[in-house]
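Below is one structure, written out as structure tokens, with a few remarks after it.
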Amino acid sequence: MRADIVDERDGRGDEEKDSRRRRSRSFDRHSRELSSDSSDNQQDLEEELRSLTQRREELNREKLEEALASSKKLSSPRQMLLVRLQRSFLQVKEYGERLKSSEKDLQALAESLMAEINRNGMVA
């Protein structure tokens, strides 16, 4: 009887070993598939990341270009106003200097005229 039990156990042991081997092979195959899928997924994710990064850079560049264009549009009228203001300021300064010069000339003429009058005795 014991020999029968041992034989039955050995038989079950072989069946269990075969079953374990099949499960192990199935698990190995499944692991390789997952590994392959994981590798593919990682490559897909890396490509998507590169694509998204490139798109973000393009959008940033577009925003910068729009901001620059807007700034130029705003700065052009401002620049014109600043040029006009500077020109006007320089004219006022020049006219002020001319006025002082003219006042000195007028004062000199007036003094000269007064001296002439005093010499000729034409004082009223």
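The values are calculated or read from the model by the stated rules, or taken from the named source; none is laboratory data. Being a predicted model, the structure only gives us computed values, none of them experimental. Here the Cβ positions follow ideal geometry from the backbone for every residue, glycine too, while neighbour counts run over all protein chains shown. We work out accessible area using only protein heavy atoms, side chains counted, and drop any ligands, DNA or RNA first. Shrake-Rupley method; radii C 1.70, N 1.55, O 1.52, S 1.80 Å.
Please state, rounded to one decimal and in Å, the Kirkwood hydrodynamic radius that the stretch 75-121 gives when every pair of distinct Cα atoms enters the mean of 1/r. Provide the component values of the computation, followed by the final result.
Working: mean 1/r = 0.0743 Å⁻¹.
One decimal place: 13.5 Å for the Kirkwood radius.
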Length gained when the stretch residue 22-residue 44 is fully extended (0.36 nm per residue, less Cα-Cα span):
4.7 nm
Just tell me which lysines come within less than 23 Å, Cα to Cα, of residue 93; anything on the same chain fewer than 8 places away is out.
104
Sequence of 119, 61 from largest to smallest accessible area, 1.4 Å probe
119, 61
Place a point 7 Å from the Cα of residue 108 in the direction of its beta carbon; the residues of the stretch 76-100 whose amide N falls under 11 Å from it are none
Please report Rg over Rh for the stretch 41-100, where both radii come from the alpha carbon positions and Rh follows the Kirkwood definition.
1.60
